[in-house]
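Readers should treat all values here as calculations from the given coordinates under stated rules, not as data from a laboratory. In this text the structure is predicted, and so the values were computed from the model without any measurement. Reconstructed Cβ throughout: ideal geometry from the backbone, glycine too, with neighbour counts over all protein chains shown.
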Amino acid sequence: MRIRSMSLVPLVAACRAPVSLTAFASAALLFCVNAGCDTSTGRTTSSGSSGAPGSGGKGEGGTVSSGGTSAGGQGGAPGSGGSMPDASIGNGGAGSPGSGGTTAPTGGGGIVADRPGAGGSSETGGTSTPGTTGGAAGATRTGGATSAGGGSGGRAGASGSGGQGMAGGTSGSGGSSGGSTGSTLLAATPPMGWNSWNYFKANISDSVIRQIADAMVSSGMKDVGYTYVNIDDTWMKAGRVNGLLVPDSRKFPNGMKALADYVHSRGLKLGIYGDRGTMTCANIAESGSYGRETEDAQTLASWGIDYLKYDNCNVGSRTGNAQLQQDYEKMGAALRATGRPIIYSLCAWGWKGDWMIETGQLWRSTGDIADCWDNSCSIKASYENGITAIIDQNEAMASHAGPGHWNDPDMLEVGNGHMTTTEYISHFSLWCIMAAPLIAGNDIRNMSTTTRDILTNQEAIAVDQDPAGIQGRRIVDNGDLEVWMKPLGRRDGPEKAVVLFNRSSRAATISVSLSAIGISGSVKVRDLWAHKDLTPATGSFSAEVESHGVVMVKITQTGS
């Protein structure tokens, strides 16, 4: 039996270690400049512990229109655990959503996961009674539910009383939603997009980002769900102007607002990179947001930014867990206060506690990824991990994931050239079964047909984007031969996604009993890479799996 290393080193590894700009060409030329940093990894070594989450902000009561929709009062300033509504929603603000479930876009109950909610104003989950107005179930401790005919679901918050709309509640004769929608849960499914770092490093520019946006559309990636075009580190000018962040004019001569407008014109969204310290990991003077969170959040919102990846470099003496939590929560509150729906990616170098669920939509759950199969790879830096190591680190975090809050095992390396096609298919399949954000990291302007076909496999993507938001787990571990399973629709439902995963150096047959995945009776088996139905299984499912390969199937119970 293989013993997997679960040392603390990967869990404190940075989203990227601090480096000098002259060292980008060589990942090995790494040094750390912040106090309390482990120079063997270029990372701060303190581990985060959970702080007490702040209380959710509460909407100040919209009036109820004759059509039964909440006209929307102003959202109260949320606490550190609170959440503002999307800019497109005119309803009151509310507390952060419980992870117990999400609500449907119109009246009626939403999808409810089986893990307890992480916060919100109601300990047992408010319900909206038929024909009354009020927010849908708040963030719950036991999994909220919306009664039939109840208001449409908004973000978590106290249920409205006396007809007062608190978070997008609707009312009307017989509890009809009247065609109105409640507040949209940000990142209800894992975000999909592209990030510049894996391939371009510091070689980014306005023209490159525009070309990437164009390629995302022309390649068909946009059509299958890829939405975010994310600019990583080195976009900013050294030093600030009147205290504000400014793009490097040599790289972005038209400014960020013009670039965001172009990306939006292509039907996409623009993401950007920041850091909680005084400088980003590239050590650009005054590029960090410490002490300037409010003005930086307002600047990003004014540009039209839709996604912020927030790193953890150059924090000086602020290495403690409480300080880390405080800094991330402060930026989260500043983003919500802008009124713009900005996805907040916490690159805090590992899971630090339940406050992360209250604060952002995703967090780096692992060390940095390398374009390598495993950690024996010669091209990776000391702080980087091959995909098999990343898989093991992320699997341990599964209980934290759900709609609106995702484990992020780092960007995809598919198409970057140091693994085989078989290994890239395995890489993509495992990210999908783990409900991971699908953030491509290759040059999509010039990718091969094979790479494009991997990244745009709609059947595999549907597994990743399943609205129940359950992260798949390893259910069989026979050394290098594994079985992974992800429930689809609901945990005890009739559909399961299954990956047979062969880490070994030779082909092998891998089997799983249907009872092990919670299915009995007759079943339909669909191969998600061959795109064909297989012979129905009885009692168990088996397949020959090539070395470093997978067989990915959807198994559906069709009879008892």
- With the 8 Å Cα cutoff and a minimum separation of six or more residues, the stretch 187-464 has a relative contact order in percent of 19 percent
- Subtracting the Cα-Cα distance of residue 475 and residue 530 from 0.36 nm times their residue separation yields 17.5 nm
- Message: Using only alpha-carbon positions, what ratio does the radius of gyration of the stretch 270-409 give when scaled by 2.2 N^0.38 Å?
- Response: 1.07
- Query: What does the highest-first list of 347-354, 360-367, 459-466 look like by mean Cβ count within 10 Å?
  - Reply: 360-367, 347-354, 459-466
- Plugging the Cβ-Cβ distance of residue 211 and residue 240 into 1/(1 + (r/R0)^6) at R0 = 30 Å yields, to the nearest 0.05, a FRET efficiency of 0.55
- Item | FRET efficiency estimate (nearest 0.05) - Cβ-Cβ, residue 504 to residue 540, R0 22 angstrom | 0.60
- What spacing in nm lies between the two simple spin-label points modelled at residue 516 and residue 218, each 7 Å away from Cα in the Cβ direction? 4.6 nm
- Item | Normalised per residue, the volume of the convex hull around the Cα set of the stretch 187-464 (Å³) | 120 Å³
- Per residue, the convex hull volume that the Cα atoms of the stretch 470-516 enclose (Å³): 70 Å³
- Is the stretch 238-286 rounded, prolate or oblate when judged by the Cα gyration tensor, a ≥ b ≥ c being the square roots of its eigenvalues, rounded requiring a/c under 1.5 and prolate requiring a/b larger than b/c? prolate
- Query: Compactness ratio of the stretch 473-557: Cα Rg over 2.2 N^0.38 Å, N = residue count?
  - Reply: 1.01
- Note on the structure: Relative contact order as a percentage, the stretch 473-557, C-alpha pairs under 8 Å and 6+ apart, gives 33 percent
- Note on the structure: Length gained if residue 378 through residue 317 is fully extended, taking 0.36 nm per residue and subtracting the Cα-Cα distance, is 18.6 nm
- By average Cβ neighbour count within 10 Å, what is the ranking of 239-252, 507-520 from highest down? 507-520, 239-252
- Query: Rounded, prolate or oblate: which fits the stretch 358-487, taking a ≥ b ≥ c as square roots of the Cα gyration tensor eigenvalues, rounded meaning a/c under 1.5, else prolate when a/b beats b/c?
  - Reply: rounded
